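J.: A single structure is presented below for examination.
Bear in mind that the values in this text are calculations on the coordinates, not laboratory data. What you see is a predicted model; the values in this text were computed from it and never measured. Cβ coordinates were reconstructed from backbone atoms using ideal geometry, including for glycine residues, and neighbour counts include every protein chain displayed.
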Amino acid sequence: MKISKITQSLLLMSLVVVVFNIARLDMWGTTNLLYLIWNLFLAWIPYIISSCFIKKETSVNYFIPIFVVWILFFPNAPYLVTDVLHIASSLSISLWYDSLLFFFFGWIGLLLSILSLSHVYNYLKVHLSYLTSEIIIFVICLISSFGIYLGRFERWNSWDIFVDPLHLIKDSLYISTNLIYVKTPLLFIGVFTIFMYFTYKTITVLVTKQMCKE
């Protein structure tokens, strides 16, 4: 299977940032940011799923189960953006390096999420109207933001839906029904949804214009 140029670029960036992360061990002797490599691996999963299994000609019966699996893992990609919160715990001597490292990982995660989302959109626009496709993309951003909140603040993982589904559903329902009274999840989900959606729109417009020029 031929690997696209954008995927090659993402692979190269991922390799470089992993090397930078490992090099940090030699420079400062700390291992506290190695978890970013695992988070990056998880961010690649939805991109691989959408790239390999979601095509314009895919049948609806085949698309639905693939989409369900995809959306369970999709929040892992933009989740990398929120790892920037850990800059506050960085050593002062490595703060500049760690800041760039978090940005690099977050940028790759953001690109993986936006491009993966565009794969889904390309399928939707073939089978549905423009408005319906846009609404679904926005809802995906909303659901993803809720998932990121569960992971960042409630410490749930994608695989917990299989390992501990009852507690995950119970916790999700509690948060969902108390959004009005608990401001942090409502504010985070709202802001991150808007951030994701408009980042998606901006990048896709730029990519489309570049393709038209070529």
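J.: Among M27, M196, rank each residue by its count of other Cβ atoms within 10 Å, from fewest to most, as a rough exposure measure.
T.: Result, fewest neighbours first: M27, M196.
J.: Mind checking the full-extension length gain between L179 and I161? Use 0.36 nm per residue of separation minus the Cα-Cα distance, one decimal, nm.
T.: Result for the pair: 4.3 nm of gain on full extension.
J.: So, one more: May I ask you to derive the relative contact order of the chain, considering only C-alpha pairs under 8 Å and at least 6 residues apart, and to give it as an integer percent?
T.: Contact order relative to length: 21 percent.
J.: Testing the spin-label approximation: label points 7 Å from Cα along Cα→Cβ at V68 and R152. State their distance in nm.
T.: Going from the V68 label point to the R152 one covers 2.9 nm.
J.: Same structure, new question: Just want the answer: with Cβ charges of +1 for Lys and Arg and -1 for Asp and Glu, which residue in L187, V19, Q8 is farthest toward the dipole's positive end in the chain?
T.: Looking along the dipole axis, the top candidate is Q8.
J.: Shifting gears a bit: Please report the relative contact order for segment 49-174, taking Cα pairs under 8 Å with a sequence separation of at least 6, and give it as a percent rounded to a whole number.
T.: Once normalised by length, the contact order is 30 percent.
J.: Still on this structure: Which of K5/K55; K5/K56; K170/K201 have a Cα-Cα distance over 28 Å? List each step's numbers first, then the result.
T.: Details: K5/K55 18 Å; K5/K56 20 Å; K170/K201 33 Å.
Check vs 28 Å cut-off fails for K170/K201.
J.: Something else: Need the full-extension length gain, V191 to T58, defined as separation in residues times 0.36 nm minus the C-alpha distance. One decimal, nm.
T.: 44.6 nm
J.: What are the membrane-span-like helices in the chain by this rule: whole DSSP H runs, Cα extent along the axis at least 15 Å, mean Kyte-Doolittle hydropathy at least 0.5? Before the final figure, lay out the partial values.
T.: Values: long enough: 5-28 (34 Å, 1.30); 35-53 (28 Å, 1.48); 60-73 (20 Å, 2.21); 95-127 (48 Å, 1.08); 130-152 (33 Å, 1.57); 165-177 (18 Å, 0.35); 183-213 (45 Å, 0.87).
For the chain, where a helix must reach 15 Å along its axis and average at least 0.5, the hits are 5-28, 35-53, 60-73, 95-127, 130-152, 183-213.
J.: Is there a quick way to get the dipole size of the chain? I mean about its Cα centre, with the Cβ of Lys and Arg at +1 and of Asp and Glu at -1; what is the value in debye to the nearest 20?
T.: 540 debye
J.: Note the listed values (1) 12.3; (2) 14.1; (3) 11.4, then indicate which one is mean projected area of the Cα convex hull in nm² calculated from this particular structure.
T.: For mean projected area of the Cα convex hull in nm², the calculated option is (2).
J.: Taking the dipole about the Cα centre of the chain, with the C-beta of Lys and Arg at +1 and of Asp and Glu at -1, give me whichever of G29, H119, L168 is farthest to the positive side.
T.: Most positive-ward Cα: H119.
J.: In nm, to one decimal, how far is the I135 label point from the W96 one, both placed 7 Å along Cα→Cβ?
T.: Those two pseudo-labels are separated by 5.2 nm.
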